[in-house]
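The values are calculated or read from the model by the stated rules, or taken from the named source; none is laboratory data. Keep in mind that what you see is a predicted model, and the values were worked out from it rather than measured. All Cβ positions, glycine included, derive from the backbone under ideal geometry; neighbour counts span all protein chains shown. Ligands, DNA and RNA are stripped out before the accessible areas are found, and what is left, the full protein with its side chains, is counted by its heavy atoms. Shrake-Rupley method; radii C 1.70, N 1.55, O 1.52, S 1.80 Å.
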Amino acid sequence: MTIAAVCRRLSGAIAAITRPLSVAGRNLAALLLAVMVGVVLAQVGWRYGFGQALAWSEELSRVLMIWAVFLVAPWAYRTGAHVSVTLFFDALPGAAAHTLRLVLTSLVVWVLWRLLVESLDLMADGRSLQTASLGLAMAPIYTILPASFALMALVGVERWLSQAAAALDALRRRPAAR
Amino acid sequence: QSAAHTLRIGFLASPDDEDYDGALVFKHYVERKSAGRIAVEIFPSGQFCGNGRECIEGLQTGTLDIHMTTVGGLGLLFGPAQVLDLPYAFADDGVAQCVFDGPLIDQLRDAVLDAGLGMRLMAASNTGGWRNFATRATPVRHPDDLEGLKIRTTPAPLQQELVRRLGARPTPVTWSELYTALATGVVDGTKNGVQDLVGMRFHEHLKHIALDRHSYMGALWWVSEQRWQMLPEPVRRIVHDGFQQLELVTRALPIRAEVDAYRAFEAAGGTVHELSPEARAAFRARAAGMRTWFAERYDPIWLARLDRAIAACEAGRQADFDAVAGAPNRDPTPPRD
Amino acid sequence: MSLAYFWIFVFLLCAGMPVVFALLVGPGLSLALDGQGAFHRALLSRLYNGLDSFPLMAVPFFILAGEVMNASGVTRTLVDLSRTLIGHVRGGLAQMNVLSSILFAGLSGSAVADTSALGKMFVPAMVQAGYSARFAAAVTAASSVIGPIIPPSGIMILYAFVMNVSVAGLFAAGIVPGLLITLALFAVVAGLARRRGFARDAAPAGWPARARAVRRSLPALLTPVILLGGILGGVMTPTEAAAVAAAYALALGLIVRRSLKPGDLARVFTTAAVQSGVILLLVGAAVSFAWMVSVSGLATDVTTAIRASTDNVLLLLLLVNLFLLLVGMVLDAGPAILILGPVLGPVFTELGVDPLHFAVVMCVNVTIGLATPPMGLVLFVAASVSGERVEALARELLPFLAAEIAVIALVTFVPALSLTLPRLLGFA
Ligand code: NA
Ligand code: NA
């Protein structure tokens, strides 16, 4: 088996994990968005219908929004939904483009790894703090951070492997064509 | 660039606030005294950290060196601190500042350090005078006037409970949405210091302030304990003295700035209502249950500590007055109403 | 701290790294190289807390409202209305393209997304009616980049969030400049229609047909009324109004029109969650980047440099206009505002420019830059939706852009155009 094939096989194995998880995250985020609408409507309704402002609705909806954002992120990365500027990249010759792509993906994986480590530390430290109105501990709220960064980093590795395979293929094709 | 230590001060207030003046005096003092070995960088307006929780986490992990919390902000971390926010506890600036200079603050510093919260209390000062009720249309001269009004509060349970006990409806609104909420009438009023009201241009829509002075806007200045432990003894001394400078400035400035703020408020067509003694007593009576509220949640020893500190300060002030007036010696603890 | 992070960011951005990651890798890498890795915690902390804002929640709610309206065909009723009202005028469908995209564009905070959504609806309809695809795409691009100036507007919410100005005030400030641009675009379309002798799109519709179209589109036309009325009338904060708008759109699609099947809901909510997740993560990353800009002293340096260059506020505004038009070439409006707002806004506020006035200038600019040749994201999207070549499309866009740039100049140098309305409503 060639190295390219090994990369591809590994990438596929990782995809078997990242695909269902990222889809599940995205779907859960859609559900949370629906709950957010409900919570904020309740906030307006209670103020005008019952003359009582809810103390917890704002805080709850903020937590839901943050969770939704981080739940969507791995799926967005996996499907290339994040905005990028590709004007200059498209102008690059093949070999340079393959190399650049691998370097960029490595950097993304590195920064996601750093954020993963930092978010685990944040959870460990965050135990003493509470949210302002519901008095919830921060640590469980923060769990979404390492979960999301870990899955995104895994997606990054998956992409890196398939990009490496493509680069190796291109390398092999070129001398043959000459 | 030759500085051996860089201290980063981050807080939420803007450069127009006396917190910034205090930080500036601190920076000037510390950099001068240390002959440039300590550099101080100031990040106002939430540039370094955007909310109380985030700033406290920064202190705890040592990314931020110095930060100011309000009493309510500290409450997220250390509930008993809210004893300083109990309504109508301090009679005036003199008593409040005396309490903030006394043993209660040392007890608070020790309690926070003992709880392993990673921050050391360096100064207890003021940020913006006193909280008062300010309303759009209804003049508040008695707690009855608050009945049913939607009053904006922070989401802190103590603030909400106070508003509820006074007969109004606590309505949490984000600070940045409050101008719109007041302009359009989503809320009927808010409770803030007059400088914040004028600074945020709320006086364009608020027409009445009731001077009930329900809480002294305490400002607690902290150093990251992690950083403190890394500082050599002589540097600690300079930092400590720098905070004393900061304390002098941030205590005095709000009293001065208030004068202009009230003038601006009245110039914009607002009315400031000084309360009658009867009305003041009625406010106190309605809020009296807040002590029980506190005792049900936190160690009541803090209530005893507060009472002791206030009694000592009021006695001291009476003694000062007697010395000035040449009055005959009286019972040193006058009855409190 | 060195300024390496800024150049790393620019390089990664041009190299094609997703903007959200480039915003994090730039500062992250530069801190690591400086041996300041401990501050990665601050980047994470800003990323999380940058999102922890109730006003920001208007973004997902507006996106949801827009998605629901498209999915339930509410938007299409507007096209029908335009056909019956002014379909018989020369260039009537083009005029209505302008009007409906200005009313409903700008929900998402991404002019690129708006162009593709509106383009998909209008370009085929216009081609069918006999316009060239090139002209149809140009009208769509020119009008949808300007949608976010008239409320509701996603990018204004983003601006209000990063610069701490009132959302309602900013909405009010955008109305007159937005109307001016609408009028300018109407004039351009009318002029071209006469010069090119466009055919009339339809025979004049009878009054009964018009009444029917009005009745059918009334619920859609009510959305901005509910939104602005709710906010300006003091019933709701802008965030709450956004949630109410989303719920209203849902009720309209599910109950009143019954064009939205419960089965469509999952798709609509998923699309909205993905779109808003992408924008909001970018918000968080931009807040992290802004932390680095402020801690490294870059913001202060830029401020000092700008102040030292000239005292002439008008000249500075002119320069900043040119700069923002250039930025619009590579960055979508949302990211441009998130990254540059915190740097530029305070400079001009300190020079005495009203924050709301500068906000409007900046919002108009970054969106128009998107459609300015030689390149721009909206230009590319419009080209791909219509199947036209970019150069051809760019030439077709010139008269529209000339009109829009003239309005920018007017709005820049006559602050009263943006400030009068918010002052009357008590927001400034
Ligand atoms: Na719009
Ligand atoms: Na452009």
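Hey, could you check the range C:23-79 for residues that are basic (Lys, Arg) and within 14 Å of chain B (Cβ to nearest Cβ) and say which is farthest from C:Pro151 (Cα to Cα)? If you could, list the steps in order and put the result at the bottom.
Start the filter on the range C:23-79 by keeping residues that are basic (Lys, Arg), which leaves C:41, C:46, C:76.
Next cut, within 14 Å of chain B (Cβ to nearest Cβ) only: C:41, C:46.
Values: C:Arg41: 37, C:Arg46: 29 Å.
Result: C:Arg41.
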Checklist line | B:Pro234 vs. criteria free of Cβ contacts under 8 Å to residues at least 12 places away in the same chain and open to solvent by 10 Å² or more (accessible area, probe 1.4 Å) | finding: yes
Check: Which of the residues that make up the range A:34-53 are open to solvent by 30 Å² or more (accessible area, probe 1.4 Å) and within 9 Å of another protein chain (Cβ to nearest Cβ)?
Finding: A:Ala34, A:Gly38, A:Leu41, A:Tyr48, A:Gln52
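Specify which of the listed residues (C:Leu325, C:Leu319) is more than 16 Å from ligand 1 (Cβ to nearest atom), more than 14 Å from chain A (Cβ to nearest Cβ), open to solvent by 10 Å² or more (accessible area, probe 1.4 Å) and over 28 Å from A:Asp90 (Cβ atoms).
The match here is C:Leu319.
Here's the yes/no breakdown for (1) in a helix (DSSP H, G or I); (2) more than 12 Å from chain A (Cβ to nearest Cβ); (3) not β-branched (Val, Ile, Thr):
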| residue | (1), (2), (3) |
| --- | --- |
| C:Val244 | yes, no, no |
| C:Leu250 | yes, no, yes |
| C:Gly263 | yes, yes, yes |
| C:Leu280 | yes, no, yes |
| C:Ser294 | yes, yes, yes |
Next item on the list: Please work out which one of (1) touching a Lys or Arg at 6+ places or on another chain (Cβ under 9 Å); (2) free of Cβ contacts under 8 Å to residues at least 12 places away in the same chain; (3) not in a helix (DSSP H, G or I) is the condition C:Gly35 fails and give its number.
Entry: (1)
Notebook entry, point to check: Here are some residues: C:Val20, C:Val10. Which one is open to solvent by 20 Å² or more (accessible area, probe 1.4 Å) and of a type in the set (Val, Ile, Thr)?
Noted result: C:Val10
Note to self: Take A:Leu161 and tell me if it is more than 14 Å from chain B (Cβ to nearest Cβ) and either in a helix (DSSP H, G or I) or farther than 28 Å from A:Glu58 by Cβ (or both).
What the structure shows: yes
Margin query: Return the residues of the range C:373-396 that are within 14 Å of another protein chain (Cβ to nearest Cβ) and either open to solvent by 30 Å² or more (accessible area, probe 1.4 Å) or more than 16 Å from ligand 1 (Cβ to nearest atom) (or both); say none if nothing qualifies.
Written below: C:Pro373, C:Pro374, C:Met375, C:Gly376, C:Leu377, C:Leu379, C:Phe380, C:Val381, C:Ala383, C:Ser384, C:Val390
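Please verify whether the range C:182-198 includes one or more residues that are in a loop (DSSP other than H, G, I, E, B), farther than 20 Å from C:Thr75 by Cα and in contact with a strand residue (DSSP E or B) (Cβ under 9 Å, 6 or more places away or on another chain). Before you say what the answer is, go through the steps one by one.
From the range C:182-198, those in a loop (DSSP other than H, G, I, E, B) are C:197-198; that's our starting set.
Imposing the further condition that a residue be farther than 20 Å from C:Thr75 by Cα reduces the set to C:197-198.
Those left that are additionally in contact with a strand residue (DSSP E or B) (Cβ under 9 Å, 6 or more places away or on another chain): C:197-198.
Checked the range C:182-198: at least one residue is in a loop (DSSP other than H, G, I, E, B), farther than 20 Å from C:Thr75 by Cα and in contact with a strand residue (DSSP E or B) (Cβ under 9 Å, 6 or more places away or on another chain).
Tell me, which helices (runs of 4 or more DSSP H) lie completely within the range B:143-213 with 2 or more residues that are within 11 Å of another protein chain (Cβ to nearest Cβ)? So that I can check it myself, show each step before the final result.
Numbers: elements: B:157-165, B:175-184, B:194-199.
Of the helices (runs of 4 or more DSSP H) lying wholly inside the range B:143-213, those with at least 2 residues that are within 11 Å of another protein chain (Cβ to nearest Cβ) span B:157-165, B:175-184.
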Next item on the list: Would you check which residues across the range C:216-241 are within 20 Å of the chain's Cα centre (by Cα), aliphatic (A, V, I, L, M) and at the interface with another protein chain (Cβ under 8 Å from one of its Cβ atoms) and list them?
Entry: C:Ile231
Check: Counting only residues that are aliphatic (A, V, I, L, M) and away from chain A (no Cβ under 14 Å), which one in the range B:114-130 is most open to solvent (accessible area, probe 1.4 Å)?
Finding: B:Met122
Check: C:Phe323 versus (1) part of a helix (DSSP H, G or I); (2) away from ligand 2 (no atom under 16 Å from the Cβ); (3) more than 15 Å from C:Val411 (Cβ to Cβ); (4) over 15 Å from the mean Cα position of the chain (by Cα): which is the lone unmet condition?
Finding: (2)
Next item on the list: Among what's in the range C:131-163 and is at pLDDT 80 or above and open to solvent by 10 Å² or more (accessible area, probe 1.4 Å), pick the residue that is farthest from ligand 2 (Cβ to nearest atom).
Entry: C:Tyr131
Item checked: Answer from C:Leu351, C:Leu338, C:Leu356 - the residue that is away from every other protein chain (no Cβ under 14 Å), away from ligand 2 (no atom under 13 Å from the Cβ), on the phi < 0 side of the Ramachandran plot and not basic (Lys, Arg) -> C:Leu351
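Does any residue of the range A:120-130 turn out to be assigned to a helix (DSSP H, G or I) and open to solvent by less than 30 Å² (accessible area, probe 1.4 Å)? Before the answer, list the steps.
Narrowing the range A:120-130 to residues assigned to a helix (DSSP H, G or I): A:120-128.
Cutting the leftovers down to open to solvent by less than 30 Å² (accessible area, probe 1.4 Å) gives us A:122, A:126.
Within the range A:120-130, one or more residues are assigned to a helix (DSSP H, G or I) and open to solvent by less than 30 Å² (accessible area, probe 1.4 Å).
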